[in-house]
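The values are calculated or read from the model by the stated rules, or taken from the named source; none is laboratory data. Just so it is clear, the structure is predicted and the values come from calculations on it, not from any experiment. So basically every Cβ, Gly included, is an ideal-geometry build from the backbone, and we count neighbours across all protein chains shown.
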Amino acid sequence: LILIRPLSSLFAKENLNRMSEQQLNRYDRLINEPSNDWDIYYWATEAKPTPAEFENDVMTMLREFAKNKKREQRLRQPDLEYLFEPPR
């Protein structure tokens, strides 16, 4: 939980406002259906293969985000104010 929560919440902050309704539904399913948050972390970091039912464009986006190519510091979850910001 320590690693996946900042990863998923930072991913959400950066991406939710530009996702389509279908992508939002896939993201909701991804973060709510697996019984183990560590599975999501392992799939996002490619430590384990992603099951077919979660292999989609949102998982691809999450995997790219997890690579952290910009080397951003991602040690804490973002404040929730972003949920109330107007879309960019």
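Structure values in brief
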read-out	value
Enumerated helices (runs of 4 or more DSSP H) restricted to segment 1-73, each holding at least 3 residues that are at pLDDT 90 or above	21-32, 37-44, 57-67
Pick from segment 45-63, criterion hydroxyl-bearing (Ser, Thr, Tyr) and in contact with a helix residue (DSSP H, G or I) (Cβ under 7 Å, 6 or more places away or on another chain), ranking: nearest to residue 21 (Cα to Cα)	50
Every pair of residues 6+ apart whose Cβ atoms lie under 6 Å, when the first sits in segment 42-53 and is in contact (Cβ under 8 Å) with a residue 24 or more places away in the chain and under 17 Å from residue 31 (Cβ atoms) while the second is basic (Lys, Arg) and not in a loop (DSSP other than H, G, I, E, B)	44/63
